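*Asks:* Here it is, the structure in full.
The values are calculated or read from the model by the stated rules, or taken from the named source; none is laboratory data. Bear in mind the structure is a predicted one, so any value in this text is a computation, not a measurement. Counting neighbours? That spans all protein chains shown, and the Cβs are built from the backbone with ideal geometry, glycine included.
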Amino acid sequence: MTDAGSGRPQVQEAAPLPPRFPLLLAALLLTSAMSMLDQSIVATAGPRLTADLGALHLYSWTFTAYMLSFSVAMPVYGKLGDLFGRRAVYLTAVVVFLAGSAACGAAESMGTLIAFRALQGLGGGGLQVSAFSVLGDLMPPRQRAKYQGWFAGVMVIANLAGPLVGGFLTDQLGWRWIFYVNVPIGLLALVGIWFLLPRTSRGATRPHIDAVGTALLTGLIVCLVLVTDLAGRYGWGHVSVPALGAGALLLAAVWVRQERRSAEPVVPLGLFKDRTFTICVVVAFAVSFAFFGCVNFVPLLFQVVEGVSATRTGLLFLPAMIGMAVATVVAGQVIAKTGRYKWFPVASTALAAVAAGVMSLTSADTGAATVSALLALMGIGVGLSSQVTTLVAQSTAPRRHIGVSTSTVGLARNLGVAFGATVFGSLLNARLATESARLLPSDVADRVVGGSLESGQIDALDPATASAVADVYSGALSTVFASAVPVLLVGLVLALMLKDVKLEGGGPGGSRGPGGPGADAAGKAVDSGGPEPLDGGGTPRSS
């Protein structure tokens, strides 16, 4: 419908949120916090866990299994939520996550723990996608920005708190409680979602599930995650890495062909015809690739080069995490008031690039406080775009594709983290090998390259050798930070290409949902496929 005086699309007013929305929001935040907490909560439980279950060589798979299934689940849950309604799919994700958590706590071997961590990840990926998709269903983009900022802040805090919570529970109750603690929290969230999240209206036709496309995409994601994991452990020359890479390329080609033919593709490729959507996906990948790829190695800079203890290293990370959380919340609040979003991804990539560039110039003489301040600047930069990309991608998609748009950006962000850690790790190892051979005695060089030289052992070396070791690590880490700069500059150029438009203030869904023109590519009216508008009592309001 258009305004008779201006000819412009008439924007409908935002539907009022149900009175019990704060309670629903609390339940959504709980599920997001749980899914993020379990990405890092296992870290400090490692010694106790392996002492009970053995198989230390398999321990790293407790992380890999969770992240692998988490990544696989995201696009699947996003699409299922679009097809069958958010409520049923969300509740299923909570149940799967809780079942996986309880099973992890009861595991009697490392093999079963890894399998149950994979089950837990299948639920965790669904929790993350469903929470953001529910916001997309219930409110217009500008109002959504405020709440998505809260979600991002909670996710950062949960990720930061994971090792602390894991260590406390392991010391006080035993390692099994790092999983059991999810059960009472998850049940509380389950009850909240069950009673407070509105039911979705079902269409007359039965939704078609693209089983072949889902299977192909799952195989593609598995190959990509395993490539990064195995390359990080054994190097890019390991026999399995090129084989998995070739498999990923083949699966990608077949998957794209399948999606073009499918009546209801798991990821509609037409979304990428919108320049804004494509830019959001690429920027999300680039920022995660650069930032998280770098910060994985900052503890080396603190502990080996600066001689900082492990405890103080954690404290030096706090400004970056707090800065990221605050920047995310502030960005959401400003977008909610102004409706303008373009300059947040621009500022994000520019700040992060400057911080990475300056960090590449640090040396063994740079103080730990200076490095921490630069890391905080980089964290603020990342926070300015961390959820803006999700918000804007949602606003470009038809309302019936809210879940898919959310999961696509989330998957890009996860893959960016995985690839960044592996690629920068390879650069670090290569530079360490080169500089160690040039500057260090052969026995010390072998220990540096093998990763067996700890900070306490460096103090026992003669002063000249200890100084050379610090220079070797400093030079290698400078290469890592310098390599992040061009990645962030690509993100900056793309962010500058975003349209400087104003997000809608009325109508839930994307720009082609109820708040916008409401037409598909063919110009026909589109059925939203999401929940009906809500009345003041939280029940669907009939048209």
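*Asks:* Does the stretch 443-480 hold any residues that are hydroxyl-bearing (Ser, Thr, Tyr), modelled with pLDDT of 80 or more and farther than 16 Å from residue 306 by Cα, and which are they?
*Replies:* 479
*Asks:* Residues 373, 355, 327: which one is assigned by TED's automatic domain parsing to the domain that holds residue 282, without any contact (Cβ under 8 Å) to a residue 60 or more places away in the chain, surrounded by fewer than 21 Cβ atoms within 10 Å (Cβ to Cβ) and among the small types (Gly, Ala, Ser)?
*Replies:* The match here is 373.
*Asks:* Could I ask something else about it? Within the stretch 130-178, can you find the residues that are part of a helix (DSSP H, G or I), within 30 Å of residue 53 (Cβ to Cβ) and of a type in the set (D, E, K, R)?
*Replies:* Residue satisfying the conditions is 171 alone.
*Asks:* Just to check your reading of the model, which residue among 306, 259 is in the same structural domain as residue 225 (by TED's automatic domain parsing) and either crowded, with 18+ Cβ neighbours inside 10 Å or not polar (S, T, N, Q) (or both)?
*Replies:* Residue meeting the stated conditions: 259.
*Asks:* Going through the stretch 347-369 one residue at a time, which ones are over 23 Å from the mean Cα position of the chain (by Cα) and of a type in the set (S, T, N, Q)?
*Replies:* The answer is 360, 362, 363, 366.
*Asks:* With the condition kept exactly as written, say whether any residue in the stretch 482-505 is hydroxyl-bearing (Ser, Thr, Tyr), at pLDDT below 85 and in the same structural domain as residue 332 (by TED's automatic domain parsing).
*Replies:* No, the stretch 482-505 contains no residue that is hydroxyl-bearing (Ser, Thr, Tyr), at pLDDT below 85 and in the same structural domain as residue 332 (by TED's automatic domain parsing).
*Asks:* Could you list, in sequence order, all residues of the stretch 32-52 that are of a type in the set (A, V, I, L, M) and modelled with pLDDT of 85 or more?
*Replies:* The answer is 33, 34.
*Asks:* Just need a number here: residues in the stretch 134-164 that are surrounded by 20 or more Cβ atoms within 10 Å (Cβ to Cβ) and over 27 Å from residue 337 (Cβ atoms).
*Replies:* Residues that pass the stated criteria total 2.
*Asks:* Determine, yes or no, whether residue 301 is among the aliphatic types (A, V, I, L, M), assigned by TED's automatic domain parsing to the domain that holds residue 491 and in contact with a Leu (Cβ under 6 Å, 6 or more places away or on another chain).
*Replies:* yes
*Asks:* Okay, moving on. Pick from 88, 102: which is out of contact with any Leu (no Cβ under 8 Å at 6 or more places or on another chain), more than 30 Å from residue 166 (Cα to Cα), small (Gly, Ala, Ser) and in the same structural domain as residue 187 (by TED's automatic domain parsing)?
*Replies:* On inspection, the qualifying residue turns out to be 88.
*Asks:* Of the conditions (1) at pLDDT 90 or above; (2) surrounded by fewer than 24 Cβ atoms within 10 Å (Cβ to Cβ); (3) touching a helix residue (DSSP H, G or I) at 6+ places or on another chain (Cβ under 6 Å), residue 99 satisfies every one except a single condition; which number is it?
*Replies:* (3)
*Asks:* With respect to residue 330, determine if the residue is among the β-branched types (Val, Ile, Thr) and under 20 Å from residue 150 (Cα atoms).
*Replies:* yes
*Asks:* Now a separate question. Answer yes if at least one residue in the stretch 251-266 is hydrophobic (A, V, I, L, M, F, W, C), touching a Cys at 6+ places or on another chain (Cβ under 7 Å) and part of a helix (DSSP H, G or I), and no otherwise.
*Replies:* yes
*Asks:* Report whether or not residue 323 is outside any helix (DSSP H, G or I) and within 19 Å of residue 371 (Cα to Cα).
*Replies:* Judged against the criteria, residue 323 is not a match.
*Asks:* Please find, among 198, 207, the residue that is of a type outside the set (Val, Ile, Thr), touching a strand residue (DSSP E or B) at 6+ places or on another chain (Cβ under 7 Å) and either modelled with pLDDT under 90 or surrounded by 19 or more Cβ atoms within 10 Å (Cβ to Cβ) (or both).
*Replies:* Only one candidate qualifies: 198.
*Asks:* Given the criterion free of Cβ contacts under 8 Å to residues at least 24 places away in the same chain, exposed (fewer than 15 other Cβ atoms within 10 Å of the Cβ) and within 30 Å of residue 292 (Cβ to Cβ), identify the matching residue among 249, 244.
*Replies:* From the options 249, 244, the qualifying one is 249.
*Asks:* What tally of residues in the stretch 295-316 results from selecting those that are touching a residue at least 24 places away in the same chain (Cβ under 8 Å) and outside any helix (DSSP H, G or I)?
*Replies:* 5
*Asks:* Could you check how many residues of the stretch 399-422 are over 13 Å from the mean Cα position of the chain (by Cα), at pLDDT below 85 and of a type outside the set (Gly, Ala, Ser)?
*Replies:* Count: 3.
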